[in-house]
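The values are calculated or read from the model by the stated rules, or taken from the named source; none is laboratory data. All of these numbers come straight from a predicted model, not from anything done at the bench. No Cβ is skipped: glycine too gets one built from the backbone with ideal geometry, and neighbour counts run over all protein chains shown.
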Amino acid sequence: MAAIYILWLRELKRYVRSRVQIVVSLGQPTLYLLALGFGFKPVFAKAGLGNYLDFVAPGVVGMTVLFSSVFSGIAMLFDRQFGFLKETLVAPVPRIYIMIGRTLGGATVAMIQGGLILIFCLIAGFRPQHWLAIPAAYVFVALIAIVFAALGTSIGSVIQDMQGFQLVMNFLVLPIFFLSGALYPLTNLGPVMKVVTHIDPLAYGVDGLRGVLTASWRFGYQMDLMVLTILAVVFLSAGAWLFSRIQL
């Protein structure tokens, strides 16, 4: 258990020390929030769908957690390249502890970034249905972070170069984000798009955030919670198995 704590703490220290990473990681979500939130606000209101800023804010928080948690797997490639991963793997601790520690560290960093973006949303004018909804929403923030941090670790365990990782991420992360309903409602879609959005893991995370914060549900609280919990277990199990097969 000490190995899990040490690796979790290492990920946090690496994030806190990198002030540039903090600023850069918050730039894209802030741009989405300001450009889309205020740009589409009149169109959304004219369509009779309410305040677009209130709609898109939970989606932007979900996007922030998604990108941060998945790309935490990139750190494994740096560690592999500079030899730190080899030093970690030869330690007399089970590899599953190492994998869990790295995953929880990446998930915690993603949760911190999600919290910072939520603060930006509140400053920009987003208002939840109740202030107590913010702590409740962090249940879904944590689940999104764990699910995609485990996915990032799984992919990082298989791919050995930065170019391959970025290629997979571009073909995986962007479709997950754009098909999650973070930027547009998942209503009146065609049958194919409806099926695709239903198998998108982030769709349940965004719906959970939006439902808790604005009382607007698509799948429902129990469905969102159940799907994300199952996916967290599946991805953690798959990540542990793939991580145990790393050859240095």
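List of remarks:
- Residue among G208, G156, G181 that alone is in contact (Cβ under 8 Å) with a residue 24 or more places away in the chain, over 15 Å from the mean Cα position of the chain (by Cα) and crowded, with 22+ Cβ neighbours inside 10 Å: G156
- For the stretch 36-83, residues that are of a type in the set (G, A, S), surrounded by fewer than 18 Cβ atoms within 10 Å (Cβ to Cβ) and within 30 Å of M162 (Cα to Cα) total 1.
- Once the stretch 220-248 is narrowed to residues that are within 19 Å of the chain's Cα centre (by Cα) and among the aromatic types (F, W, Y), the residue that is nearest to R80 (Cα to Cα) is F235.
- Taken together, the criteria place F126 among residues that are touching an Asp or Glu at 6+ places or on another chain (Cβ under 8 Å), closer than 28 Å to L183 by Cβ, among the hydrophobic types (A, V, I, L, M, F, W, C) and outside any helix (DSSP H, G or I).
- Restricting the search to helices (runs of 4 or more DSSP H) fully inside the stretch 151-248 and requiring at least 2 residues that are among the small types (G, A, S) and modelled with pLDDT under 90 gives 221-244.
- Pair list, Cβ under 6 Å, 6 or more apart: the stretch 212-231 residue over 23 Å from F126 (Cβ atoms), other residue assigned to a helix (DSSP H, G or I): V227/Y204; L231/V147; L231/P201
- In the set I96, I100, I144, I117, only one residue is surrounded by 17 or more Cβ atoms within 10 Å (Cβ to Cβ) and over 26 Å from G208 (Cα atoms); that residue is I96.
- Residue count, the stretch 166-181 (criterion: touching a Leu at 6+ places or on another chain (Cβ under 7 Å) and within 23 Å of K41 (Cα to Cα)): 2
- Test: residue in the stretch 89-109 that is of a type in the set (F, W, Y), touching a residue at least 12 places away in the same chain (Cβ under 8 Å) and in contact with a Pro (Cβ under 8 Å, 6 or more places away or on another chain): no
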